[in-house]
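Visitor: Quick one: this structure, given as structure tokens, is what I'll be asking you about.
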Number of protein chains: 2
Amino acid sequence: MKFISSKSNQYIKFIRQLRQRKEREKSGKFYIEGLRLIGEALRTDFPIESIIYNSDLLISDFGWGAIEDGKKKGIDIIKVTKDVFQTFALKEGPQGIAAVGFQKWTNIKALHNLEGLWIALDNVQDPGNLGTIMRSLDGVGGKGMILLGNCTDVYHPTSVRSSTGALFSLIIGKTNLRELDEWKSKGGVPFIGTVCGGETNYRKYNFPEDIVLIMGSEQKGLPKELLEMCEGLVTIPMTGSVDSLNLACAASIVLFEIYAKR
Amino acid sequence: MKFISSKSNQYIKFIRQLRQRKEREKSGKFYIEGLRLIGEALRTDFPIESIIYNSDLLISDFGWGAIEDGKKKGIDIIKVTKDVFQTFALKEGPQGIAAVGFQKWTNIKALHNLEGLWIALDNVQDPGNLGTIMRSLDGVGGKGMILLGNCTDVYHPTSVRSSTGALFSLIIGKTNLRELDEWKSKGGVPFIGTVCGGETNYRKYNFPEDIVLIMGSEQKGLPKELLEMCEGLVTIPMTGSVDSLNLACAASIVLFEIYAKR
């Protein structure tokens, strides 16, 4: 077990830099904070480089159990001072436990039999939406999430936190429209898009067992190329003065409709 | 029309202070930013004190139309320099138009005939959730939202923004459990609570026409006193590794179930 008491220690600096997408992409790592997330990462055997804790802040037995569990798994355990912990903690009143994980990306070309329920998102901008969609997708037993275009980073701290650990259970892939099209022609799994103001009510649609649900960005919805790849398009009918729903809410409504019909 | 070029002008300082709940409560006012929200506030005749704009940043015809509309309605129109605008703008790349609105609270005791679909929220902590729930509630033609306990502020800038203007259409009230109980015994509108891991599947519940849907906080769910006031409790069945949904997603799933059945 290591002990770090300096805020300018190289690894502590690195942990702070993981707030930046550039650093996350360069290192292929990301930051995890809090008991629940770390517990879930350990439970699912998600690849973890290190667990960092401060014994003044960490008062939970569950947290101490997580450290023991981490040791057994051969994860680096690093003890730090309260001052040091607070330089990278994102939460006010931190629980005194954090971790550095290895990003896990699945090459979608390697997925030949795409069974079950998937979601593909195009150009999603808000990391909170991304995390919340993973949470709902996992809640309906979904398999994974495919990111298209310039989506925000699934390993952004807000996305990780909002996922409440679903990130560790789901298969995550990213690709572009060309690759997706090639792959679709091989795999043959139906794509169902969600659009605003379309004709087909999502409640009346007969969703197949294996499906990729496609959703566009918060601002622009689905681009033409993606619309053309969809076997079906569904719409959530609305009334009132607003003209659209929050993306994560819309995704959840359709996901739980599919789930309820099974 | 006024023109302000000083960042330390009294009113400009006040606008910046509206970021704090204390200042919002003291003044009974709140901050609104962006074309869409201001357009919606004007369309619904929501009480507005002033519209503040900068002509370098404001490039939208819709925005100039809003200023004309505001003038006709007797709203103070204040032109400011770009530097001044950027001291209070919350959005990166602001659209150059903001407003100060008057908070509108409805005394729930004054609502005798509570018809239609309402939501009551207890101790909700995240202003983004509050705004997103208003957006979905308006999307199903809901009447209003009642805040219980120590909810976060519905007029927090993040709540206002996330509501995408639904805040201006809905009736908003706040009360405590004792008042709510008294009022319920007079009004007789059924309360339906949502809980985790309960027995009644929300898909199988026969929701009445007039209803107050009750939801608890992100962390703690519904307190005992509120559970006891509910005629029915519904649950969203889930699978996977996560044990709950994001509050706004859960609210949206139940709201759109009620809406679809009508």
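Visitor: For chain B, set up a GNM with springs between Cα atoms under 10 Å and report which of B:107, B:54, B:206 has the largest fluctuation.
Guide: Its mean-square fluctuation being the largest, the pick is B:206.
Visitor: Net charge within 14 Å of residue A:7 by Cβ-Cβ distance, Lys/Arg positive one each and Asp/Glu negative one each, not counting residue A:7 itself?
Guide: Values: positive: A:13, A:16, A:82; negative: A:83.
Neighbourhood net charge equals +2.
Visitor: Now for a different question. Among the trypsin sites (Lys or Arg not before Pro) within segment B:79-127, which fall in a DSSP loop and have no more than 12 other Cβ atoms within 10 Å of their own Cβ?
Guide: Here the trypsin sites (Lys or Arg not before Pro) that fit, given the DSSP loop and packing criteria, are B:91.
Visitor: Please compute the alpha carbon radius of gyration of segment A:2-102, then divide it by the globular-protein estimate 2.2 N^0.38 Å. Two decimals is fine. Walk me through the numbers before you get to the answer.
Guide: Numbers: Rg = 12.4 Å, N = 101, 2.2 N^0.38 = 12.7 Å.
Expressed relative to 2.2 N^0.38 Å, the Cα Rg reads 0.98.
Visitor: Follow-up. Once you keep just the Cα pairs under 8 angstrom separated by 6 or more residues, what percentage relative contact order results for chain B?
Guide: Computed value for chain B: 19 percent relative contact order.
Visitor: With label points built 7 Å along Cα→Cβ from the Cα atoms of residue A:11 and residue B:227, find their separation and express it in nm.
Guide: In this crude label model, residue A:11 to residue B:227 measures out at 4.4 nm.
Visitor: Going by a ≥ b ≥ c, the root eigenvalues of the Cα gyration tensor, does segment A:94-185 fall in the rounded group (a/c under 1.5), the prolate group (a/b larger than b/c) or the oblate group?
Guide: Values: a/c = 1.94, a/b = 1.69, b/c = 1.15.
Because a/c hits 1.5 or more and a/b exceeds b/c, segment A:94-185 counts as prolate.
Visitor: Same structure again: Taking every DSSP beta bridge with both residues inside segment B:108-261, roughly what % is antiparallel (nearest 5)?
Guide: Values: 1 of 23 bridges.
Of all bridge pairs located within segment B:108-261, approximately 5 percent are antiparallel.
Visitor: Further, regarding this structure: Take the alpha-carbon centre of segment A:211-238, take the same for segment B:165-217, and report the distance between them in whole Å.
Guide: Going from one Cα centre to the other spans 33 Å.
Visitor: In terms of modelled amide H atoms, which long-range or inter-chain residues lie less than 5 Å from the amide H of residue A:174?
Guide: A:106, A:108, A:147
Visitor: Taking each label point as 7 Å beyond Cα in the direction of the beta carbon, state the distances from residue A:61 to the same residue in the other copies, shortest first, in nm.
Guide: For residue A:61, the other copies' label points sit at 6.9 nm, shortest first.
Visitor: Could you pull out the GluC sites (Glu not before Pro) across segment A:183-235 that fall in loop regions by DSSP (anything but H, G, I, E, B) with no more than 14 other Cβ atoms inside 10 Å?
Guide: Within segment A:183-235, the qualifying GluC sites (Glu not before Pro) (loop, at most 14 other Cβ atoms within 10 Å) are A:199, A:209, A:231.
Visitor: For residue B:239 paired with residue B:196, estimate the spin-label separation in nm (one decimal), with each label point 7 Å from Cα along the Cα-to-Cβ line.
Guide: Calculated label separation equals 2.0 nm.
Visitor: For residue B:68 and residue B:45, calculate 0.36 nm times their separation in residues minus their Cα-Cα distance, and state this gained length in nm to one decimal.
Guide: 6.8 nm
Visitor: Something else: Is the shape of the protein assembly as shown best called rounded, prolate or oblate, per the rule: a/c under 1.5 gives rounded, else a/b larger than b/c gives prolate, else oblate, with a ≥ b ≥ c the square roots of the Cα gyration tensor eigenvalues?
Guide: Because its axes are fairly even, with a/c under 1.5, the protein assembly as shown counts as rounded.
Visitor: Please figure out what share of the DSSP beta bridges in the protein assembly as shown is antiparallel and state it in percent, rounded to the nearest 5.
Guide: Around 30 percent antiparallel, to the nearest 5.
Visitor: Could you tell me whether segment B:108-261 comes out rounded, prolate or oblate from its Cα gyration tensor? Rule is a ≥ b ≥ c as square roots of the eigenvalues, rounded for a/c under 1.5, then prolate if a/b exceeds b/c, otherwise oblate.
Guide: Cα axes put segment B:108-261 in the rounded bin.
Visitor: Also, I was wondering about something else. With each label point set 7 Å from Cα along the Cα-Cβ vector, what nm distance links residue A:92 and residue B:218?
Guide: 1.2
Visitor: Between copies, how close do the residue B:188 label points come, placed 7 Å along Cα→Cβ, listed in nm from shortest?
Guide: Output for residue B:188: 6.1 nm, nearest copy listed first.
Visitor: Here is a further query. Long-range amide H contacts for residue B:49: which residues qualify at under 5 Å (H placed 1.01 Å from N, peptide plane, sequence gap of 5 or more or a different chain)?
Guide: When sequence neighbours closer than 5 places are left aside, the close amide H contacts are B:100, B:101, B:102.
Visitor: Hey, if you put +1 on the Cβ of every Lys and Arg and -1 on every Asp and Glu Cβ in segment A:2-102, which of A:15, A:80, A:35 ends up farthest toward the positive end of that dipole?
Guide: Of the listed residues, the answer is A:15.
Visitor: A follow-up question, please. So in segment B:2-102, what percent of DSSP beta bridges are antiparallel if you round to the nearest 5?
Guide: Percent antiparallel among DSSP bridges in segment B:2-102 is about 60.
Read-outs: derived from the displayed coordinates by stated rules, not from any lab. What you are looking at is a predicted structure, and each value in this text was computed from that prediction instead of being measured. Methodologically, a virtual Cβ is constructed for each residue, glycine included, from the backbone with ideal geometry; neighbour enumeration extends over all protein chains shown.
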